[in-house]
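See structure below.
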Amino acid sequence: MSTHPAEPFRIKVVEPIHLIQETEREKALQRAGYNIFGLKSDEVFIDLLTDSGTGAMSQDQWGAMMIGDESYAGARSHQRLSAAMEKIFGFRHFVPTHQGRAAENILCAVTLKEGQYVPSNMHFDTTEGNIRARGGRPTNLVINEAFDNKSDHPFKGNMDLKKLEDFIKQIGPENIPLGMITITNNAGGGQPVSLENLRAVSKIYHSHQIPFFIDACRFAENAYFIKLREPGCENKSTLEIAQEIFSLADGATMSAKKDAIVNIGGFLAVNDSALFEKICNELILREGFITYGGLAGRDLDAIAVGLMEGLNEDYLAYRLGQTAYLVNELKKLGIPVIEPAGGHAVYINAGKMLPQIPQAEFPGQALAVEMYRAGGIRAVEMGSVAFAYPDPDSGEMHFPEMELVRMAIPRRTYTQSHMDYVVNVLKNIDAKKESLSGYRIIKEPKLMRHFTATFESVS
Ligand code: F0G
């Protein structure tokens, strides 16, 4: 029997969960148009839809919320968050935002013009959406190993440095108002980026005067992977590694709902004072005053504490151990998963598991629906529903490299027996996988269709 490091906490408050009957689950699926975003949380037993905003806050975070200062301007909560920001990230300026995509929206508003490009290893869907919404073109330049399930590359989130150089030459740095990198690479399996790669990316961007922004959602998990896997980093603390990472960049966006283990919040940080001024104007228009940015003072305190807890190495050992445990158990069953295990989530390669379903009929959607039907588990498609898009010039559909289903693990929320339950449900699905068929879309919005599209079975 394999295990992961025992949970480094005990449970003080519990939230009951309940598995509804299979007939009720079928009705819920029909009502939701076979889109798991349309399910009510009472209808879900194990909710692995996202690790975003779904973590359990600690006693210290709840305690900090009680001393939240709700002053409109200059609140003590903002000062406490500033201190944590300075310690970890070290950027000259930051504004809080209500979540990560708000930071992305403001960053795109103040930097991007129509027709310009923003390279990254891989953009997350909200980042892509925000870039496209301003007429920009997000470009993914991750290393090829990211898509090679046989490769055990320790940093599959790395940027392909040659692709990046070639891309900048081809497009011209004047058409690239900023360059990004996502740590860990959520859209590519929650895989980390090495410190060495971050240093090289920073150097390339800067040699072309392109400002370098980090999507920092899961920076602490990335820092711990660096500590575990990168030669020369084993004796550095995750805090030291994080400090080094951010010293390489000109700014960052972050959804604090991930590695700051809060239910809501984010930030946009920059060094450039002129850019910061534009950011403040945009923030005040859309989010709120610069010392609260659309959050309550108490939320800022929870983030300030959570940022440091997210870097705690006992917690990170358990956190990454839990994900690795789930990957190992599924591997034993022969279910194709992205390896090595990523940080926050386990990704099943549904295209491989269900080869009878073509990409245009969404194998990932088929598996996600079946996981709910079979066991009340909510996971999310990350394949052609989420990422296929028509080429802006030719109109031709681009399909993503892989048809994935993501099981994101909320932080400090589920135990090992919950993980074992998930493994059992997937074992039962695997036994009858040949009988599953695909889906077609009945209705979809123009951008980010996976949230609200409705489907029907093709069978
Ligand atoms: N960047 C990355 C890498 C993300 O994973 C997310 C959110 C965002 C930006 C946007 O942050 O949700 O606070 O606006 N990811 C969530 C997820 C939604 O489920 O992976 P947000």
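Below are the figures for this structure:
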{"item": "Between the stretch 368-395 and the stretch 89-111, the alpha-carbon center distance in angstrom", "result": "28"}
{"item": "The stretch 59-309 - percent relative contact order, Cα under 8 Å, separation 6 or more", "result": "33"}
{"item": "Share, in percent, of DSSP beta bridges within the chain that are antiparallel, nearest 5", "result": "70"}
{"item": "Over the chain, relative contact order from alpha-carbon pairs under 8 Å, at least 6 apart, %", "result": "23"}
{"item": "Antiparallel content of DSSP bridges confined to the stretch 59-309, in %, to 5", "result": "50"}
{"item": "Dipole moment magnitude, nearest 20 debye, the chain about Cα centre, only Lys, Arg, Asp, Glu C-beta charged", "result": "300"}
{"item": "Whole-Hz ³J(HN,Hα) from phi, Karplus 6.51 cos²θ - 1.76 cosθ + 1.60, for the stretch 263-279, glycine and proline x", "result": "8, 7, x, x, 7, 10, 10, 8, 8, 6, 5, 5, 5, 4, 4, 5, 4"}
{"item": "Intensity falloff of the stretch 150-218 expressed as log10 I(q)/I(0), Debye formula with alpha-carbon point scatterers, at q = 0.13 Å⁻¹", "result": "-0.37"}
{"item": "Student exercise, the stretch 146-191 dipole from Lys, Arg, Asp, Glu Cβ charges, in Debye to nearest 20", "result": "80"}
{"item": "Two-site FRET efficiency, E313 against S394, from Cβ-Cβ distance with R₀ of 51 Å, rounded to 0.05", "result": "0.55"}
{"item": "About the Cα centre, charge dipole magnitude for the stretch 59-309 (Lys/Arg +1, Asp/Glu -1 at Cβ), debye", "result": "260"}
{"item": "The chain - convex hull of alpha carbons, volume per residue in Å³", "result": "142"}
{"item": "The chain, helix-only ellipticity at 222 nm - DSSP H runs n ≥ 4, -39,500 (n - 2.57), divided by all residues, nearest 500", "result": "-12000 deg cm²/dmol"}
{"item": "Per principal axis, descending, Cα span of the stretch 59-309 in whole Å", "result": "49, 43, 27"}
{"item": "Distance from the stretch 180-204 to the stretch 398-459 (C-alpha centre basis), Å", "result": "26"}
{"item": "Whole-percent carbon and sulfur share, accessible surface of the chain, 1.4 Å", "result": "51"}
{"item": "Most to least packed among 430-437, 282-289, 238-245 [average Cβ atoms within 10 Å]", "result": "238-245, 282-289, 430-437"}
{"item": "Cα pair distances of the stretch 127-172 binned at 5 Å [whole percent]", "result": "5, 20, 18, 19, 20, 12, 5, 1"}
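The values are calculated or read from the model by the stated rules, or taken from the named source; none is laboratory data. This one's a predicted model, so the numbers in the text were calculated from it and none came from an experiment. Here Cβ is always computed from backbone atoms with ideal geometry, including for glycine, and neighbour counts include all displayed protein chains. Note: accessible area is taken over every heavy atom of the protein model, side chains too, but ligands, DNA and RNA are not part of it. Shrake-Rupley method; radii C 1.70, N 1.55, O 1.52, S 1.80 Å.
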